[in-house]
Structures are given as structure tokens and as C-alpha cells.
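Asker: The structure that follows is given in the form of C-alpha cells.
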Amino acid sequence: MIKYKMDNILVSISENIDDLHELSQNNRDIITRSNNVGCFYCLNIYPSNQVNYFIDCEKTGLCVYCHVDSLIGDSVVKSNLKDVLIRMKIKYFSTIIT
Ligand SMILES: [Zn+2]
């Protein structure tokens, strides 16, 4: 479990994290339309054409690095992708230290 201090977190993103979380499921079309994908579990960002394993009847992409279904395509993100991934990791996978 990775822990973050809130002081270190950029908060200047405009995305709705919960909306993006829904787009991590059934996201094969989004992945196909995106140049890059980012994983909000392991925080790797890489070209979307590297995603080669899909679950849920081939509709949900798995991360190449950690095999978690936590991929966000950059075509649905307006803010900095890395910032968005960190915010999502905090919300869905981490314990927050304040
Ligand atoms: Zn990952």
C-alpha cells in the first residue's frame, strides 16, 4: 500500500474522478481511440497499442504492468494524465495521510 501526504498532491485537475472511474470499465473503444493509457494502480503511462489483454467479454483492458483493470485512456482526460492517475489511486487504492 502506497501512502501519500496530501501536501504533495496537485489538485488543479478539472476531471470528475468518479466519472473517469466508470470509464475504466468497458473501455476498449476508449483505449483504441487514445494515444496513451495510464494505470491508476501502478501509475505507468504507455502507448495504448501495448494493451493486449481484455476481460469482461473482451471489453475491459488490463494493465500490461500490474494486470489490474484500472486503465484510463488519454482521449477522455483533459487535465494532466499523471495528476489524474494519482488522484484516482488515492481515492480508490490508497490510505491517505493528512
Ligand atoms: Zn498498472
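All of the numbers you see were taken from the coordinates with simple rules; none came from a lab. The structure presented is a predicted model; accordingly, all values stated were derived computationally and were not measured. So basically every Cβ, Gly included, is an ideal-geometry build from the backbone, and we count neighbours across all protein chains shown.
Asker: Please report Rg over Rh for segment 2-93, where both radii come from the alpha carbon positions and Rh follows the Kirkwood definition.
Answerer: 0.95
Asker: Oh, and also: When you count, for each residue, the other Cβ atoms within 10 Å and take the mean per peptide, how do 54-66, 28-40 rank with the highest first?
Answerer: Details: 54-66: 15.3, 28-40: 18.7.
Going from most to least packed, we get 28-40, 54-66.
Asker: Can you tally the lysine pairs in segment 2-93 where the Cα-Cα distance is under 14 Å and the two residues are eight or more apart, or on different chains?
Answerer: For segment 2-93, qualifying lysine pairs total 4.
Asker: Which whole number in µm²/s is D for segment 32-80 by Stokes-Einstein, with the Kirkwood Rh taken over Cα pairs at 20 °C and 1.002 mPa s? Don't skip to the end; give the middle numbers.
Answerer: Working: Rh = 10.7 Å.
Estimated via Stokes-Einstein, D reaches 200 µm²/s.
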